[in-house]
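Participant: Take a look at this one; I'll ask things after.
The values are calculated or read from the model by the stated rules, or taken from the named source; none is laboratory data. None of the values given here were measured: they were computed from a predicted structure. Cβ placement follows ideal geometry from the backbone for every residue including glycine, while neighbour counts extend to all protein chains displayed.
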């Protein structure tokens, strides 16, 4: 039986694309193993899938001063040693890495054992972890055409991001019932990432009186970010977090207001949902701004910068998206980033066959 090791972690965005590949890998007859950190989010997310999970020591790669910069290199070295031992025991045919700091010791250890590695870069410009992995990778999958310029030409493949197939199989009626919405009024979904986004929440709630004149709004606002003063507002439904219901909410949604994390916007692309992107401006390396601008230039999105948002601008942008939604849907339908799972699985199969 063919064997594959998946790795990636630190945030859900480094794990959910791996999860999206699981059904296809099983169908192709792969024995699947996962290497992540001891206590990262990946250990919790993978626990639902009955896959052997191996934890290793990890250290974060920082570009800023921090006392942990003195100790984390030793944790990375320990993680490399642990990963090498695990890989020797499993003897996989290939490693697929979704990135994050946990992936560096795994990919580097695999390369030292002559195990081929395919890695995936979510953002427009490669993060530091993937920069350390690209030299030893067989192929590098990308979400954005612009990313290709940062990667050796013989390695770069434009694939898009693997998206869970169940997200496209939602039940609109179930979501309308869940939210208490009218089937004849269009729906805006607001989502700011797994922890919510305070600035996005505020912008939407400030514009709510105008938005609710023409739309219903379902707001996934993040943990502890429910506004109790708005609980009884007609046409407005709040959730801290949704899991199984997300596919149904997508099915009833006409327009999405979202942050611009790579995984989130690739879901919008795969589901062909016209969207307003409000990229995170602080606390990141600027990747969300680049991601959002790329999607706007390809005709998939409208972009609003946090500092520029007014109630009227947000309302006008949502209306423009809704009334021209066919144009955005057509652009997304013609995207070369639509068949990520099929493309990546073919790449894995080709690489394994070449090594035989």
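Participant: Across the range 254-267, what is the total count of residues that are more than 10 Å from the chain's Cα centre (by Cα) and under 21 Å from residue 98 (Cβ atoms)? Can you show your working first?
Facilitator: Step one: filter the range 254-267 for residues more than 10 Å from the chain's Cα centre (by Cα), giving 254-259.
Add one more test, that the residue is under 21 Å from residue 98 (Cβ atoms), and what stays is 258-259.
Adding up the residues that qualify gives 2.
Participant: Within the range 3-62, can you find the residues that are without any contact (Cβ under 8 Å) to a residue 40 or more places away in the chain, under 19 Å from the mean Cα position of the chain (by Cα) and not in a helix (DSSP H, G or I)?
Facilitator: 34
Participant: Let me ask something else. So for the range 79-97 (the condition being in a loop (DSSP other than H, G, I, E, B), modelled with pLDDT of 90 or more and surrounded by fewer than 23 Cβ atoms within 10 Å (Cβ to Cβ)), does at least one residue qualify?
Facilitator: Of all residues in the range 79-97, those in a loop (DSSP other than H, G, I, E, B) come to 91-93.
From the residues that got through so far, the ones that are modelled with pLDDT of 90 or more too are 91-93.
Now narrow it down to the ones that are surrounded by fewer than 23 Cβ atoms within 10 Å (Cβ to Cβ): 91, 93.
Within the range 79-97, one or more residues are in a loop (DSSP other than H, G, I, E, B), modelled with pLDDT of 90 or more and surrounded by fewer than 23 Cβ atoms within 10 Å (Cβ to Cβ).
Participant: Output the residues belonging to the range 313-333 that are touching a residue at least 60 places away in the same chain (Cβ under 8 Å) and either loosely packed, with under 12 Cβ neighbours inside 10 Å or more than 15 Å from residue 296 (Cα to Cα) (or both).
Facilitator: Taking the range 313-333 first, the residues touching a residue at least 60 places away in the same chain (Cβ under 8 Å) are 314-315, 318-319, 321-322, 325, 332-333.
Across the range 313-333, the qualifying residues are 314, 315, 319, 322, 333.
Participant: Evaluate the range 296-306: report whether one residue or more is crowded, with 20+ Cβ neighbours inside 10 Å, within 23 Å of residue 125 (Cβ to Cβ), touching a strand residue (DSSP E or B) at 6+ places or on another chain (Cβ under 7 Å) and modelled with pLDDT under 95.
Facilitator: no
Participant: Right, here's the next one. In the set 345, 321, which member is over 28 Å from residue 205 (Cα atoms) and either at pLDDT 95 or above or in the same structural domain as residue 95 (by TED's automatic domain parsing) (or both)? Quick ask: steps written out before the conclusion?
Facilitator: On the way: 321 fails: over 28 Å from residue 205 (Cα atoms).
Criteria check complete, one pass: 345.
Participant: Here are some residues: 218, 140, 190. Which one is within 19 Å of the chain's Cα centre (by Cα), farther than 30 Å from residue 109 by Cβ and in a strand (DSSP E or B)? Quick ask: steps written out before the conclusion?
Facilitator: Numbers: 218 fails: within 19 Å of the chain's Cα centre (by Cα); 140 fails: farther than 30 Å from residue 109 by Cβ.
When all the criteria are applied, what remains is 190.
Participant: Here is a follow-up. For the range 155-184, which residues satisfy the criterion of being in a loop (DSSP other than H, G, I, E, B) and surrounded by 13 or more Cβ atoms within 10 Å (Cβ to Cβ)?
Facilitator: Matches in the range 155-184: 155, 159, 160, 161, 162, 163, 164, 170, 171, 181.
Participant: Going through the range 214-268 one residue at a time, which ones are closer than 30 Å to residue 333 by Cβ and either free of Cβ contacts under 8 Å to residues at least 24 places away in the same chain or in the same structural domain as residue 123 (by TED's automatic domain parsing) (or both)?
Facilitator: Selection gives 239, 242, 243, 244.
Participant: Just wondering, is there one or more residues in the range 259-266 that are touching a strand residue (DSSP E or B) at 6+ places or on another chain (Cβ under 6 Å), part of a helix (DSSP H, G or I) and at pLDDT below 95? Lay out the reasoning, then the answer.
Facilitator: Within the range 259-266, the subset touching a strand residue (DSSP E or B) at 6+ places or on another chain (Cβ under 6 Å) is 260, 264.
Now restrict to residues that are part of a helix (DSSP H, G or I): 264.
Next, only the ones that are at pLDDT below 95 stay: 264.
Yes, because at least one residue in the range 259-266 is touching a strand residue (DSSP E or B) at 6+ places or on another chain (Cβ under 6 Å), part of a helix (DSSP H, G or I) and at pLDDT below 95.
Participant: Of the residues that sit in the range 324-342 and are part of a loop (DSSP other than H, G, I, E, B) and modelled with pLDDT under 95, which one is farthest from the chain's Cα centre (by Cα)? If you could, list the steps in order and put the result at the bottom.
Facilitator: Pass one, the range 324-342, residues part of a loop (DSSP other than H, G, I, E, B): 324, 334-339.
Now restrict to residues that are modelled with pLDDT under 95: 334-339.
Working: 334: 21, 335: 17, 336: 17, 337: 14, 338: 14, 339: 15 Å.
If we take residues in the range 324-342 being part of a loop (DSSP other than H, G, I, E, B) and modelled with pLDDT under 95, then 334 is farthest from the chain's Cα centre (by Cα).
Participant: Among the numbered criteria (1) closer than 21 Å to residue 171 by Cβ; (2) out of contact with any helix residue (DSSP H, G or I) (no Cβ under 9 Å at 6 or more places or on another chain); (3) in a helix (DSSP H, G or I), which one does residue 243 miss?
Facilitator: So residue 243 meets the others, but not (3).
Participant: Only residues that are assigned to a loop (DSSP other than H, G, I, E, B) and buried (at least 24 other Cβ atoms within 10 Å of the Cβ): list them for the range 102-116, please.
Facilitator: First pass over the range 102-116, keeping only residues assigned to a loop (DSSP other than H, G, I, E, B): 102, 113-116.
Across the range 102-116, the qualifying residue is only 102.
Participant: I'd like to verify a number: residues in the range 196-214 that are within 27 Å of the chain's Cα centre (by Cα) and either under 22 Å from residue 11 (Cβ atoms) or crowded, with 16+ Cβ neighbours inside 10 Å (or both), how many? It would help to see each step written out before you state the result.
Facilitator: From the range 196-214, those within 27 Å of the chain's Cα centre (by Cα) are 196-205; that's our starting set.
Filter again for either under 22 Å from residue 11 (Cβ atoms) or crowded, with 16+ Cβ neighbours inside 10 Å (or both), leaving 196-201, 203-205.
Count: 9.
Participant: Going through the range 143-154 one residue at a time, which ones are out of contact with any helix residue (DSSP H, G or I) (no Cβ under 7 Å at 6 or more places or on another chain) and either crowded, with 16+ Cβ neighbours inside 10 Å or assigned to a helix (DSSP H, G or I) (or both)? Let's see the steps before the verdict.
Facilitator: Within the range 143-154, the first condition is being out of contact with any helix residue (DSSP H, G or I) (no Cβ under 7 Å at 6 or more places or on another chain), and the residues that meet it are 145, 147-150, 152-154.
Those that are out of contact with any helix residue (DSSP H, G or I) (no Cβ under 7 Å at 6 or more places or on another chain) and either crowded, with 16+ Cβ neighbours inside 10 Å or assigned to a helix (DSSP H, G or I) (or both): 145, 147, 148, 149, 150.
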